[in-house]
1. Given the residues Ser193, Ser144, Ser158, which is the only one that is modelled with pLDDT of 95 or more, under 30 Å from Tyr271 (Cβ atoms) and among the polar types (S, T, N, Q)?
2. Among the residues in the stretch 57-68, are any assigned by TED's automatic domain parsing to the domain that holds Pro7, touching a Pro at 6+ places or on another chain (Cβ under 9 Å) and more than 21 Å from Val8 (Cβ to Cβ)?
3. Give the residues of the stretch 1-22 that are free of Cβ contacts under 8 Å to residues at least 12 places away in the same chain and in a loop (DSSP other than H, G, I, E, B), sorted by residue number.
4. Which of the following residues is closer than 22 Å to Val67 by Cβ and among the aliphatic types (A, V, I, L, M): Leu4, Leu46, Leu53, Leu13?
5. In the list Arg170, Arg177, Arg210, Arg202, which residue meets the criterion of being buried (at least 17 other Cβ atoms within 10 Å of the Cβ) and either outside the structural domain of Pro109 (by TED's automatic domain parsing) or not hydrophobic (A, V, I, L, M, F, W, C) (or both)?
6. Restricting attention to the stretch 253-282, which residues are over 30 Å from Gln240 (Cβ atoms) and surrounded by 11 or more Cβ atoms within 10 Å (Cβ to Cβ)?
7. Just one of the numbered conditions (1) touching a Lys or Arg at 6+ places or on another chain (Cβ under 9 Å); (2) over 28 Å from Glu125 (Cβ atoms) is not true of Asp280; which one?
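The values are calculated or read from the model by the stated rules, or taken from the named source; none is laboratory data. Because the structure is predicted, anything quoted here is derived from the model rather than measured. Every residue, glycine among them, receives a Cβ derived from its backbone with ideal geometry; neighbour counts consider all protein chains shown.
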Amino acid sequence: MSALSRPVIVRHLVDQARKFNASAVAHGCTGKGNDQVRFEVGTHALAPDLEVLAPARNWGMTREASVDYAIKWDVPVQATREKIYSIDENLWGRAIECGAMEDPWAQPPEEPMTLTRVRTDEPVELTISFAAGLPVAIDGVALSLADLIKILNDRVGSTGFGRLDMVENRRVGIKSREVYECPAALAIIAAHSDLEDLVLERDVHHEKARLEIRWAELVYDGMWFSPLKEALDSFMLETQRHITGDVRMRCEAPGFMRIVGRRSPHALYDYGLATYDAGDKFQHADSEGFVKIYGLGIKTWAGRQGAKNATPPHP
(Lines give C-alpha, C1' and ligand atoms only; values in the text may rest on other atoms or scores of the structure.)
Protein backbone atom coordinates (compact mmCIF):
# COMPACT_ATOMS: atom_id res chain seq x y z
CA MET A 1 0.00 0.00 0.00
CA SER A 2 2.89 2.38 0.69
CA ALA A 3 4.35 1.60 -2.72
CA LEU A 4 1.07 2.58 -4.39
CA SER A 5 1.09 6.04 -2.82
CA ARG A 6 4.65 6.98 -3.77
CA PRO A 7 4.03 7.53 -7.50
CA VAL A 8 1.20 9.93 -6.58
CA ILE A 9 3.55 11.87 -4.29
CA VAL A 10 6.29 11.88 -6.92
CA ARG A 11 3.94 13.32 -9.56
CA HIS A 12 3.04 16.23 -7.28
CA LEU A 13 6.65 16.66 -6.14
CA VAL A 14 7.88 17.02 -9.72
CA ASP A 15 4.94 19.25 -10.60
CA GLN A 16 5.77 21.64 -7.76
CA ALA A 17 9.47 21.57 -8.63
CA ARG A 18 8.59 22.68 -12.15
CA LYS A 19 6.19 25.31 -10.86
CA PHE A 20 8.89 26.93 -8.72
CA ASN A 21 11.75 26.33 -11.17
CA ALA A 22 13.57 24.23 -8.60
CA SER A 23 16.74 22.35 -9.47
CA ALA A 24 16.36 19.82 -6.66
CA VAL A 25 13.77 18.07 -4.48
CA ALA A 26 14.18 16.33 -1.12
CA HIS A 27 12.73 13.45 0.89
CA GLY A 28 13.05 12.31 4.49
CA CYS A 29 13.82 8.63 3.95
CA THR A 30 16.65 6.78 5.65
CA GLY A 31 19.15 4.57 3.86
CA LYS A 32 17.44 1.31 4.91
CA GLY A 33 13.98 1.66 3.41
CA ASN A 34 12.24 1.07 0.11
CA ASP A 35 10.79 4.56 -0.10
CA GLN A 36 14.11 6.20 -0.92
CA VAL A 37 14.21 4.00 -4.04
CA ARG A 38 10.60 4.77 -4.95
CA PHE A 39 11.00 8.53 -4.55
CA GLU A 40 14.32 8.85 -6.32
CA VAL A 41 13.75 6.42 -9.19
CA GLY A 42 10.27 7.85 -9.73
CA THR A 43 11.54 11.42 -9.70
CA HIS A 44 14.30 10.65 -12.18
CA ALA A 45 11.83 8.83 -14.45
CA LEU A 46 9.67 11.97 -14.67
CA ALA A 47 12.43 14.58 -14.36
CA PRO A 48 15.93 13.23 -15.06
CA ASP A 49 17.43 16.69 -14.55
CA LEU A 50 16.31 17.14 -10.94
CA GLU A 51 18.74 16.48 -8.12
CA VAL A 52 17.32 14.51 -5.19
CA LEU A 53 18.48 15.33 -1.65
CA ALA A 54 18.13 12.93 1.31
CA PRO A 55 19.21 14.70 4.52
CA ALA A 56 17.98 12.02 6.94
CA ARG A 57 19.98 9.41 5.04
CA ASN A 58 23.06 11.54 4.54
CA TRP A 59 23.14 12.71 8.15
CA GLY A 60 22.62 9.18 9.48
CA MET A 61 19.63 10.21 11.60
CA THR A 62 18.06 7.60 13.89
CA ARG A 63 14.30 7.39 14.39
CA GLU A 64 14.65 9.19 17.72
CA ALA A 65 16.79 11.92 16.16
CA SER A 66 14.23 12.39 13.42
CA VAL A 67 11.46 12.81 16.00
CA ASP A 68 13.54 15.36 17.92
CA TYR A 69 14.30 17.23 14.71
CA ALA A 70 10.59 17.35 13.82
CA ILE A 71 9.73 18.69 17.27
CA LYS A 72 12.46 21.31 17.06
CA TRP A 73 11.15 22.68 13.78
CA ASP A 74 7.43 22.23 14.52
CA VAL A 75 6.95 19.53 11.89
CA PRO A 76 3.72 17.67 12.82
CA VAL A 77 4.41 13.93 13.32
CA GLN A 78 2.52 11.29 15.30
CA ALA A 79 5.60 9.36 16.45
CA THR A 80 7.09 10.12 19.85
CA ARG A 81 10.16 8.84 21.68
CA GLU A 82 7.85 6.68 23.82
CA LYS A 83 5.75 5.41 20.89
CA ILE A 84 8.30 5.18 18.15
CA TYR A 85 6.15 3.27 15.67
CA SER A 86 6.51 4.28 12.05
CA ILE A 87 2.98 4.43 10.63
CA ASP A 88 2.29 5.11 6.99
CA GLU A 89 -1.43 5.62 6.40
CA ASN A 90 -3.48 6.32 3.30
CA LEU A 91 -6.89 5.46 1.88
CA TRP A 92 -5.77 1.91 1.04
CA GLY A 93 -4.65 1.04 4.60
CA ARG A 94 -1.93 1.39 7.23
CA ALA A 95 1.66 0.11 7.36
CA ILE A 96 3.20 -0.16 10.85
CA GLU A 97 6.80 -0.89 11.77
CA CYS A 98 9.55 -0.13 14.34
CA GLY A 99 9.32 -0.26 18.10
CA ALA A 100 8.34 -3.63 19.58
CA MET A 101 7.65 -5.02 16.12
CA GLU A 102 11.34 -5.05 15.21
CA ASP A 103 11.51 -8.40 17.02
CA PRO A 104 9.93 -10.85 14.52
CA TRP A 105 9.17 -13.29 17.37
CA ALA A 106 7.16 -10.76 19.38
CA GLN A 107 3.42 -10.54 18.87
CA PRO A 108 2.48 -7.11 17.51
CA PRO A 109 0.91 -4.88 20.16
CA GLU A 110 -2.73 -3.88 19.71
CA GLU A 111 -2.02 -0.28 20.65
CA PRO A 112 -1.21 1.08 17.15
CA MET A 113 -4.02 -0.86 15.42
CA THR A 114 -7.13 1.03 14.41
CA LEU A 115 -8.75 -0.58 11.34
CA THR A 116 -8.70 -4.21 12.49
CA ARG A 117 -9.73 -4.06 16.12
CA VAL A 118 -12.71 -6.37 16.64
CA ARG A 119 -15.75 -4.19 17.16
CA THR A 120 -18.58 -6.65 16.53
CA ASP A 121 -19.37 -10.28 17.31
CA GLU A 122 -21.98 -10.44 14.54
CA PRO A 123 -21.00 -11.85 11.13
CA VAL A 124 -20.78 -9.31 8.31
CA GLU A 125 -22.04 -10.46 4.92
CA LEU A 126 -21.87 -8.19 1.88
CA THR A 127 -21.71 -8.22 -1.90
CA ILE A 128 -19.08 -6.35 -3.90
CA SER A 129 -19.96 -5.54 -7.51
CA PHE A 130 -17.35 -5.06 -10.23
CA ALA A 131 -17.50 -3.44 -13.67
CA ALA A 132 -14.62 -4.08 -16.07
CA GLY A 133 -12.42 -5.11 -13.15
CA LEU A 134 -13.17 -2.15 -10.89
CA PRO A 135 -15.23 -2.34 -7.66
CA VAL A 136 -18.25 -0.07 -8.12
CA ALA A 137 -20.90 -1.02 -5.53
CA ILE A 138 -21.59 -2.65 -2.18
CA ASP A 139 -24.88 -4.49 -1.73
CA GLY A 140 -26.19 -2.91 -4.94
CA VAL A 141 -25.45 0.67 -3.87
CA ALA A 142 -23.19 2.43 -6.38
CA LEU A 143 -20.24 4.20 -4.73
CA SER A 144 -17.15 6.13 -5.68
CA LEU A 145 -13.98 4.10 -5.23
CA ALA A 146 -12.92 6.23 -2.27
CA ASP A 147 -16.26 5.79 -0.47
CA LEU A 148 -16.34 2.08 -1.27
CA ILE A 149 -12.90 1.58 0.30
CA LYS A 150 -13.85 3.57 3.40
CA ILE A 151 -17.03 1.55 3.90
CA LEU A 152 -15.25 -1.77 3.40
CA ASN A 153 -12.47 -0.79 5.81
CA ASP A 154 -15.11 -0.12 8.45
CA ARG A 155 -17.44 -3.07 7.82
CA VAL A 156 -15.04 -5.95 7.27
CA GLY A 157 -12.39 -4.43 9.56
CA SER A 158 -14.88 -4.47 12.42
CA THR A 159 -14.61 -8.29 12.47
CA GLY A 160 -10.81 -8.14 12.77
CA PHE A 161 -10.26 -9.11 9.14
CA GLY A 162 -7.53 -7.39 7.16
CA ARG A 163 -4.32 -7.60 9.20
CA LEU A 164 -1.05 -8.87 7.73
CA ASP A 165 2.08 -9.66 9.75
CA MET A 166 4.99 -10.46 7.47
CA VAL A 167 8.74 -10.38 6.94
CA GLU A 168 9.61 -8.56 3.72
CA ASN A 169 12.65 -8.54 1.47
CA ARG A 170 13.51 -4.89 0.99
CA ARG A 171 15.06 -3.67 -2.22
CA VAL A 172 18.25 -2.70 -0.37
CA GLY A 173 18.87 -6.33 0.61
CA ILE A 174 17.67 -6.57 4.21
CA LYS A 175 14.63 -8.27 5.73
CA SER A 176 12.14 -6.26 7.76
CA ARG A 177 9.08 -7.08 9.80
CA GLU A 178 5.99 -5.15 8.68
CA VAL A 179 2.41 -5.19 9.94
CA TYR A 180 -0.37 -3.98 7.67
CA GLU A 181 -4.00 -3.09 8.28
CA CYS A 182 -5.85 -3.17 4.96
CA PRO A 183 -9.33 -4.73 5.30
CA ALA A 184 -10.78 -3.15 2.15
CA ALA A 185 -7.73 -3.98 0.07
CA LEU A 186 -7.71 -7.65 1.04
CA ALA A 187 -11.48 -7.96 0.62
CA ILE A 188 -11.40 -6.39 -2.85
CA ILE A 189 -8.40 -8.46 -3.95
CA ALA A 190 -10.02 -11.70 -2.76
CA ALA A 191 -13.36 -10.88 -4.41
CA HIS A 192 -11.72 -9.74 -7.65
CA SER A 193 -9.59 -12.87 -7.84
CA ASP A 194 -12.63 -15.05 -7.28
CA LEU A 195 -14.53 -13.30 -10.06
CA GLU A 196 -11.58 -13.81 -12.40
CA ASP A 197 -11.75 -17.55 -11.65
CA LEU A 198 -15.29 -17.48 -12.99
CA VAL A 199 -14.71 -15.32 -16.08
CA LEU A 200 -11.17 -15.55 -17.44
CA GLU A 201 -10.25 -18.10 -20.09
CA ARG A 202 -7.84 -20.75 -18.75
CA ASP A 203 -4.59 -19.67 -20.45
CA VAL A 204 -5.25 -15.95 -19.86
CA HIS A 205 -5.98 -16.67 -16.21
CA HIS A 206 -2.79 -18.66 -15.74
CA GLU A 207 -0.63 -16.08 -17.52
CA LYS A 208 -2.13 -13.21 -15.55
CA ALA A 209 -1.40 -15.04 -12.29
CA ARG A 210 2.23 -15.28 -13.37
CA LEU A 211 2.58 -11.69 -14.59
CA GLU A 212 0.77 -10.00 -11.72
CA ILE A 213 3.58 -11.14 -9.41
CA ARG A 214 6.07 -9.38 -11.67
CA TRP A 215 3.82 -6.31 -11.79
CA ALA A 216 3.72 -6.21 -7.99
CA GLU A 217 7.51 -6.56 -7.79
CA LEU A 218 7.96 -3.59 -10.12
CA VAL A 219 5.63 -1.42 -8.04
CA TYR A 220 7.23 -2.54 -4.75
CA ASP A 221 10.69 -1.80 -6.14
CA GLY A 222 9.84 1.73 -7.26
CA MET A 223 9.47 1.02 -10.99
CA TRP A 224 5.98 2.48 -11.42
CA PHE A 225 7.22 4.77 -14.19
CA SER A 226 9.01 2.14 -16.28
CA PRO A 227 8.50 0.67 -19.75
CA LEU A 228 7.92 -2.85 -18.46
CA LYS A 229 5.29 -1.63 -15.98
CA GLU A 230 3.51 0.25 -18.80
CA ALA A 231 3.58 -2.83 -21.04
CA LEU A 232 2.16 -5.02 -18.27
CA ASP A 233 -0.52 -2.39 -17.59
CA SER A 234 -1.77 -2.85 -21.15
CA PHE A 235 -1.98 -6.62 -20.68
CA MET A 236 -3.79 -6.28 -17.34
CA LEU A 237 -6.27 -3.80 -18.79
CA GLU A 238 -7.15 -6.17 -21.62
CA THR A 239 -7.80 -9.02 -19.17
CA GLN A 240 -10.36 -6.92 -17.29
CA ARG A 241 -12.79 -6.23 -20.16
CA HIS A 242 -15.24 -8.90 -18.99
CA ILE A 243 -14.57 -8.89 -15.24
CA THR A 244 -18.06 -7.68 -14.40
CA GLY A 245 -20.23 -9.30 -11.77
CA ASP A 246 -20.92 -9.76 -8.07
CA VAL A 247 -19.04 -11.54 -5.30
CA ARG A 248 -20.63 -12.30 -1.94
CA MET A 249 -18.40 -12.63 1.12
CA ARG A 250 -18.89 -13.38 4.80
CA CYS A 251 -16.61 -12.08 7.56
CA GLU A 252 -16.61 -13.32 11.14
CA ALA A 253 -14.62 -12.36 14.21
CA PRO A 254 -11.81 -12.75 14.88
CA GLY A 255 -10.54 -12.03 11.39
CA PHE A 256 -12.06 -14.76 9.22
CA MET A 257 -13.34 -14.16 5.68
CA ARG A 258 -14.64 -16.50 3.00
CA ILE A 259 -16.25 -16.09 -0.39
CA VAL A 260 -19.72 -17.66 -0.41
CA GLY A 261 -21.01 -16.81 -3.90
CA ARG A 262 -20.15 -15.29 -7.25
CA ARG A 263 -21.97 -14.50 -10.52
CA SER A 264 -21.28 -12.74 -13.81
CA PRO A 265 -23.05 -12.20 -17.14
CA HIS A 266 -19.71 -13.17 -18.74
CA ALA A 267 -19.14 -16.32 -16.68
CA LEU A 268 -17.45 -19.20 -18.50
CA TYR A 269 -18.99 -21.59 -16.00
CA ASP A 270 -21.57 -23.70 -17.86
CA TYR A 271 -23.92 -25.67 -15.63
CA GLY A 272 -24.68 -28.15 -18.39
CA LEU A 273 -20.98 -28.93 -18.77
CA ALA A 274 -20.15 -28.92 -15.05
CA THR A 275 -23.07 -30.88 -13.57
CA TYR A 276 -23.06 -34.62 -12.89
CA ASP A 277 -26.85 -34.95 -12.84
CA ALA A 278 -29.27 -35.79 -15.65
CA GLY A 279 -28.74 -32.36 -17.23
CA ASP A 280 -25.13 -33.25 -18.12
CA LYS A 281 -24.38 -32.31 -21.75
CA PHE A 282 -20.66 -33.03 -21.70
CA GLN A 283 -19.64 -35.54 -24.39
CA HIS A 284 -17.85 -38.10 -22.25
CA ALA A 285 -16.94 -40.31 -25.21
CA ASP A 286 -14.76 -37.50 -26.60
CA SER A 287 -12.47 -37.71 -23.58
CA GLU A 288 -11.06 -41.12 -24.48
CA GLY A 289 -9.25 -39.88 -27.58
CA PHE A 290 -8.23 -36.63 -25.87
CA VAL A 291 -6.61 -38.43 -22.94
CA LYS A 292 -4.79 -40.86 -25.25
CA ILE A 293 -3.31 -38.06 -27.36
CA TYR A 294 -2.54 -35.90 -24.32
CA GLY A 295 -0.60 -38.71 -22.60
CA LEU A 296 1.04 -40.18 -25.72
CA GLY A 297 4.41 -38.55 -25.07
CA ILE A 298 4.57 -39.85 -21.50
CA LYS A 299 3.46 -43.32 -22.59
CA THR A 300 6.22 -43.43 -25.23
CA TRP A 301 8.81 -42.22 -22.72
CA ALA A 302 7.72 -44.81 -20.14
CA GLY A 303 7.91 -47.63 -22.65
CA ARG A 304 11.45 -46.73 -23.76
CA GLN A 305 13.08 -45.25 -20.68
CA GLY A 306 10.84 -45.88 -17.69
CA ALA A 307 10.22 -43.84 -14.54
CA LYS A 308 12.85 -43.89 -11.78
CA ASN A 309 10.23 -43.67 -9.05
CA ALA A 310 7.86 -46.38 -10.31
CA THR A 311 8.44 -48.68 -7.32
CA PRO A 312 6.89 -47.55 -4.00
CA PRO A 313 9.48 -47.06 -1.26
CA HIS A 314 9.61 -49.71 1.43
CA PRO A 315 8.75 -48.61 4.98
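1. When all the criteria are applied, what remains is Ser193.
2. Yes - at least one qualifying residue is present in the stretch 57-68.
3. Once the filter is applied, which keeps residues that are free of Cβ contacts under 8 Å to residues at least 12 places away in the same chain and in a loop (DSSP other than H, G, I, E, B), the stretch 1-22 yields Phe20, Asn21.
4. Leu53 is the lone residue from the list that is closer than 22 Å to Val67 by Cβ and among the aliphatic types (A, V, I, L, M).
5. Result of the check over Arg170, Arg177, Arg210, Arg202: Arg177.
6. Ala253, Pro254, Asp280 - these are the residues of the stretch 253-282 that are over 30 Å from Gln240 (Cβ atoms) and surrounded by 11 or more Cβ atoms within 10 Å (Cβ to Cβ).
7. Condition (1) is where Asp280 drops out.
Yes/no matrix, rows are residues, columns are (1) charged (D, E, K, R); (2) touching a residue at least 24 places away in the same chain (Cβ under 8 Å); (3) in contact with a helix residue (DSSP H, G or I) (Cβ under 6 Å, 6 or more places away or on another chain):
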position: Met101; (1), (2), (3): no, yes, no
position: Ala106; (1), (2), (3): no, no, yes
position: Ala131; (1), (2), (3): no, yes, no
position: Ala142; (1), (2), (3): no, no, no
position: Leu145; (1), (2), (3): no, no, no
position: Gly173; (1), (2), (3): no, no, no
position: Ile188; (1), (2), (3): no, yes, no
